[in-house]
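Below: the structure, in structure tokens.
The values are calculated or read from the model by the stated rules, or taken from the named source; none is laboratory data. This structure is a prediction, so every number in the text was calculated from the model and none was measured. Here the Cβ positions follow ideal geometry from the backbone for every residue, glycine too, while neighbour counts run over all protein chains shown.
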Amino acid sequence: MAVSYLNDDFFSRLETLALNLRSDLAGFFGGKHFVRNYGQTVEFADYREYVLGDDLRRIDWNLFSRFEKFFIKLFTDERQMHIQIMLDCSASMGRVNPQKSAYSVGVAAALGFLAVHNTDKLSFNLIKDGAAQNPYGTIVGKNSFFRAIRGLENIEFGGECDLASAVVNSQTGANDGLTVIISDFFTESDWKKAVDYLCFKKRQVLLVQVLTPEEVDPTYDGRVHMIDAEAENDMDERNMKLRITRGMLNAYSQALADYQNELRTFCHSRGAEFISVVTDRPIENVLFEELLKVGIME
């Protein structure tokens, strides 16, 4: 990949951030995320009355001397999240614009770094056509993470993307963390089905739409031959010759705004989150500002 955002300075600027989940998760013991279940840590949470079968070692004898009733101490529980990052590797994500693919990989790497930095489990799922490939397995620790990053920088973008099939057929756990889908969502596949499936699995869901400045505000004028990045050949019916007018550009801007509103509204109706980012913004700003707004990061 000719363009890359991944270097030591980039990762060092991320070390002070953390990923936050707002709901309970099943997860794995040994992580850094406090959940509302009571567990085995040393941080005190509350008291409750003793019932038969409770651990006698947790009885607070000072309270017994005051109230002549048995109370046991409750402690917070910490869990290890599984951060699942699903990256759209279709042609529209980078075959024509290497900066877009590099930016998408940078966002995926940044979120992945935050996961392993907080001792969470991580997996990168590369969506190509209707499948989600996981070439690096489950990543735990920074050594494994940086080995995977070297592979991410060499991803070849091409073909189409069927988000629904890829997500539904992926190895997805239940109630154990966060799934992030990074895509431009310029797809004819049923992305709503993908979100519904992840919500059914009780995972936190974040959709990250990556667009280039030209996709947000096209500067085309006059007669142009528009070629779909995912078209199979020049004769594909998705390619077209058009005469671009100011009215068409206004209509495109409105259609894009309506589509983004549909993405956002649908996600909110399912308890998921949606953000849209443009590749001319520094990735760190996206993480600090956009993810803080939706509460995924703290």
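Remarks
- Output for segment 158-178, where each listed residue is closer than 16 Å to Leu87 by Cβ and of a type in the set (D, E, K, R): Glu160, Asp162
- Listed by first and then second residue, the pairs linking a residue in segment 43-60 that is of a type in the set (Lys, Arg) to a residue that is outside any loop (DSSP other than H, G, I, E, B) and modelled with pLDDT under 75, with Cβ atoms under 7 Å apart and 6 or more places separating them unless they lie on different chains, are Arg48/Leu74.
- Single match in Asn97, Asn154, Asn134, Asn143 (criterion: farther than 18 Å from Asp184 by Cα, in the same structural domain as Val210 (by TED's automatic domain parsing) and touching a Ser or Thr at 6+ places or on another chain (Cβ under 7 Å)): Asn134
- Exclusive hit being in contact with a Leu (Cβ under 9 Å, 6 or more places away or on another chain), surrounded by fewer than 15 Cβ atoms within 10 Å (Cβ to Cβ), at pLDDT 80 or above and not hydroxyl-bearing (Ser, Thr, Tyr), set Asp221, Asp217: Asp217
- Test: residue in segment 259-278 that is in contact with a Ser or Thr (Cβ under 8 Å, 6 or more places away or on another chain), at pLDDT 90 or above and more than 30 Å from Ala174 (Cα to Cα): yes
- Considering only residues in segment 72-100 that are surrounded by 18 or more Cβ atoms within 10 Å (Cβ to Cβ) and among the polar types (S, T, N, Q), the one that is modelled with the lowest pLDDT turns out to be Gln80.
- Filter pass, Ala115 being at negative phi and crowded, with 20+ Cβ neighbours inside 10 Å: yes
- Filter result for the condition that a residue is within 13 Å of Ile85 (Cβ to Cβ) and out of contact with any Gly (no Cβ under 9 Å at 6 or more places or on another chain), over Ile155, Ile181, Ile139, Ile149: Ile181
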